[in-house]
2 protein chains.
Amino acid sequence: MKDSSFDPGQPDGTNQSLGLGLPDGGTPELGTTYEIPARCGRAVRVKKGQVLTVSNPAGYQVCDFWIFNANDIEEYSSMEHLHTSLLSIFPKAGDGVASNLRRSLMTITEDTSPGIHDTVIANCDHARYKQLGLTEYHENCADNLRQSLIAIGLRAPAIPAPFNLWMNVPVGSDGGLSFQPPVAKPGDYMSFKADMDVIAVMSACPQDVTPVNGEGTSPAGLTFRVDG
Amino acid sequence: MKDSSFDPGQPDGTNQSLGLGLPDGGTPELGTTYEIPARCGRAVRVKKGQVLTVSNPAGYQVCDFWIFNANDIEEYSSMEHLHTSLLSIFPKAGDGVASNLRRSLMTITEDTSPGIHDTVIANCDHARYKQLGLTEYHENCADNLRQSLIAIGLRAPAIPAPFNLWMNVPVGSDGGLSFQPPVAKPGDYMSFKADMDVIAVMSACPQDVTPVNGEGTSPAGLTFRVDG
């Protein structure tokens, strides 16, 4: 028996994300706005005390978001631990994003949207598009995460459950879920203050089969900046 | 910078679980009932087509439950993928338990309880009890998972979000969560048919600070059997 053949760090396919690494292992220029092209991912180092702002020019675009401890990549954002720490599935300004070691990696300092985000649904991945009936490779958030880390010289140790900014998946009283278009407005943004040195990874979700990125829209880009 | 110091496979402490490995790497005698002592974990191999039944003699006892592909330990049960595949946070008889590769590892064939289980909350771990104010080591489900795998010669590649059988964490319309005592009856059981060769790991949750294992009760044991 081979113990392992699935490699969480290895993309199933690639796109432009592989070439979007910031210099010096993902180090941003403070105050500079960086683009995340539609369907792509990008990683950035945020030092303790610095603030990352992720912006949604289109409003209807979801950002799959992960945070890793910059000094230990096996410590990363964990939605199941976040649920315990917040006693909620909807994080809001003032809340810390918990790690799998139950430490706050970053704290949400501002959210201009109505606060509808998703913390229970997996990122899209190669298997998801196959299940949705596609026969060709489709860009996906898992591969964007993997490529974003490779682009700054790292490898994903796992594909953690994402914090899906602006994704709208209501949970009914019977526990039922449905995929709905985002309710964010064009230009909405969220800011996160780093509680330790971290690497944040953002994927402009390329999902265009279900309406998670809007109804009758095409996946759009996002922007981010880091301030000191 | 060291890439990684947290080791998901390494227990923070140990208990009796380390000595509970079934022979031949976790192979059960079909039709034999095995005990999971209170506060302990145990792993068992279930071949494709065989049925695992997990029983709850006390009724109020939660079982943290994980499933691994026996041929690739990096493929394991994933609650975030299960939410997508079921469009529900409450799995029920007939539902498959999805893996991180979006395949059904096992299918629930019977559930005698009212069907209240949890799929959004992390297993308890060393950090959880520290946050709850304990200063001494407290047995926990993460360490039971790790020990259960070590006891059959394997290592946990991650601590996946658990399927918490009989755990009662209602999700309010505002997304709020609360820890409530289980509503299962003494003797309730759940059966799972293996859709591929798997390793199932069960932890009789040792949580005795919050009421997830009942109000005014002590953590109890569980039993399981595998039928051909």
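The values are calculated or read from the model by the stated rules, or taken from the named source; none is laboratory data. These figures come from a predicted structure and were not determined experimentally. For neighbour counting, all protein chains shown are included, and Cβ atoms are generated from backbone atoms with ideal geometry for every residue, glycine included.
Summary table below
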| read-out | value |
| --- | --- |
| Residue identified as under 18 Å from A:CYS40 (Cα atoms) and either in contact (Cβ under 8 Å) with a residue 24 or more places away in the chain or touching a helix residue (DSSP H, G or I) at 6+ places or on another chain (Cβ under 8 Å) (or both) among A:ALA158, A:ALA142, A:ALA184, A:ALA194 | A:ALA142 |
| Residue among A:ALA122, A:ALA98 that is buried (at least 20 other Cβ atoms within 10 Å of the Cβ) and either out of contact with any helix residue (DSSP H, G or I) (no Cβ under 7 Å at 6 or more places or on another chain) or assigned to a loop (DSSP other than H, G, I, E, B) (or both) | A:ALA122 |
| Of all residues making up the stretch A:125-146, the number that are assigned to a loop (DSSP other than H, G, I, E, B), charged (D, E, K, R) and over 16 Å from A:VAL212 (Cα atoms) | 1 |
| Residue count for the stretch B:1-52, restricted to those that are of a type outside the set (Phe, Trp, Tyr) and assigned to a loop (DSSP other than H, G, I, E, B) | 32 |
| Restricting the stretch A:97-114 to residues that are in contact with a strand residue (DSSP E or B) (Cβ under 8 Å, 6 or more places away or on another chain) and within 12 Å of another protein chain (Cβ to nearest Cβ), the residue that is farthest from B:PRO8 (Cα to Cα) | A:SER104 |
| Tally of residues being away from every other protein chain (no Cβ under 14 Å) and within 20 Å of B:MET106 (Cα to Cα) across the stretch B:1-26 | 0 |
| Every residue from the stretch B:32-47 that is touching a helix residue (DSSP H, G or I) at 6+ places or on another chain (Cβ under 8 Å) and surrounded by fewer than 18 Cβ atoms within 10 Å (Cβ to Cβ) | B:PRO37 |
| Search result, residues across the stretch B:1-33 that are out of contact with any strand residue (DSSP E or B) (no Cβ under 6 Å at 6 or more places or on another chain), within 24 Å of B:ALA127 (Cβ to Cβ) and without any contact (Cβ under 8 Å) to a residue 60 or more places away in the chain | B:MET1, B:LYS2, B:ASP7, B:GLN16 |
| Test: residue in the stretch A:27-38 that is under 20 Å from A:TYR137 (Cα atoms) and more than 14 Å from chain B (Cβ to nearest Cβ) | yes |
| Sole exception among (1) without any contact (Cβ under 8 Å) to a residue 40 or more places away in the chain; (2) within 24 Å of A:HIS81 (Cα to Cα) for A:VAL169, by number | (1) |
| Qualifying residues in the stretch A:58-88 (those that are among the hydroxyl-bearing types (Ser, Thr, Tyr) and more than 7 Å from chain B (Cβ to nearest Cβ)) - the one farthest from B:PRO8 (Cα to Cα) | A:TYR60 |
| Only one of B:ALA151, B:ALA142, B:ALA122 that is closer than 22 Å to A:ALA161 by Cβ, more than 8 Å from chain A (Cβ to nearest Cβ), of a type in the set (A, V, I, L, M) and out of contact with any Phe, Trp or Tyr (no Cβ under 9 Å at 6 or more places or on another chain) | B:ALA142 |
| Those residues of the stretch A:177-201 which are touching a Lys or Arg at 6+ places or on another chain (Cβ under 6 Å) and away from chain B (no Cβ under 14 Å), in sequence order | A:ALA194 |
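Here's the yes/no breakdown for (1) in contact with a strand residue (DSSP E or B) (Cβ under 7 Å, 6 or more places away or on another chain); (2) modelled with pLDDT of 95 or more; (3) buried (at least 24 other Cβ atoms within 10 Å of the Cβ):
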position	(1), (2), (3)
B:GLY49	yes, yes, no
B:LEU52	yes, yes, yes
B:ASN56	yes, yes, yes
B:GLY59	yes, yes, no
B:VAL62	yes, yes, yes
B:PHE65	yes, yes, yes
B:ILE73	no, yes, no
B:SER78	yes, yes, yes
B:SER85	yes, yes, no
